[in-house]
Amino acid sequence: MITYLYAVGRDLERVPDVGSGGVAGGALRLVSEAGLQAVVSDVDREAFADLDEHREDLAWLAAVARAHHGVVEAVGRDHAVAPLALATVYLDDDRVRAVLRESHDAFAAVLDRVDGRDEWGVKAYLRPGVAKASAGAERPSSGAAYLRARREALREGNAAVAAAEREADEIDAAVAALAVESRRHPPQDRSLTGRPEQMVLNGAYLVERSATGELRALVEELARTGSVDLELTGPWVPYSFAGGAT
């Protein structure tokens, strides 16, 4: 067996209540060192011996991700937490203790950064029908006319996308001004969003819990007055702002 590391916190007195346990149902426990506590469980060494191969197994990856995020979310409900990346494993608990010592200052900086704050996501999408030729338009009688119409539709579509991207920049700036920190991730593909519309903003924002109401009101106002569809997600454990710990 080897040790799977989910998250690091401070002042953790017991493991979170996760009915299904950790990855592969492993029992959770705490490993303490240098004033920090790591939430860990045992996993089978062979199962994690070749992670590159396992990453091609979508069912395995999904099961690990569900268990991992379930544990991290449970810890983060009541404590500041530095979440680790999916499938972070070490040979044993002693190696985890060494990591807590060696990366103590980095973990402490992350915990200070996220304490009392949540991550929120703001996603913006083109409105349905934008950047598409009118479905009700009559087909031109000649091939040349059809090509001209298609080129014109593409120009109009490109202009609409450019306008939406400029609006996304303005939305990002407005939300970032309310946040403590912000990250702008690449827009997700339609296969990941499950929506037919193109995403033009995929922002993450670290927001004081006391400002949650203000954030919701801001996004509602931006959605009401803007020309893109907005989606507010969260609150989340601040994965986007936990970098640099290991």
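The values are calculated or read from the model by the stated rules, or taken from the named source; none is laboratory data. Small disclaimer: the values here were computed from a predicted structure and weren't measured. Every residue, glycine as well, gets a Cβ built from its backbone with ideal geometry; the counts of neighbours run over all protein chains shown.
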Open item on the list: Among the residues that make up the range 211-228, is at least one of them touching a residue at least 12 places away in the same chain (Cβ under 8 Å), under 28 Å from residue 38 (Cβ atoms) and either among the β-branched types (Val, Ile, Thr) or outside the structural domain of residue 96 (by TED's automatic domain parsing) (or both)?
Closed with: no
Open item on the list: Considering only residues that are of a type outside the set (A, V, I, L, M, F, W, C), at pLDDT below 90 and within 32 Å of the chain's Cα centre (by Cα), which ones fall in the range 149-169?
Closed with: 157, 158
TODO: Count, please, the residues in the range 218-230 that happen to be surrounded by fewer than 16 Cβ atoms within 10 Å (Cβ to Cβ) and either of a type outside the set (D, E, K, R) or not in a helix (DSSP H, G or I) (or both).
DONE: 2
Open item on the list: Yes or no: the range 88-102 includes at least one residue that is in contact with a helix residue (DSSP H, G or I) (Cβ under 6 Å, 6 or more places away or on another chain) and in contact (Cβ under 8 Å) with a residue 40 or more places away in the chain.
Closed with: yes
- [ ] Just name the residue that is nearest to the chain's Cα centre (by Cα) out of those in the range 59-76 that are of a type in the set (A, V, I, L, M) and farther than 13 Å from residue 41 by Cβ.
- [x] 65
Task: Qualifying positions in the range 1-46 - touching a Gly at 6+ places or on another chain (Cβ under 6 Å) and in contact (Cβ under 8 Å) with a residue 60 or more places away in the chain - done: none
Open item on the list: Condition first: in contact with a Lys or Arg (Cβ under 7 Å, 6 or more places away or on another chain) and within 18 Å of residue 116 (Cα to Cα). Now tell me which residues in the range 164-180 satisfy that.
Closed with: 180
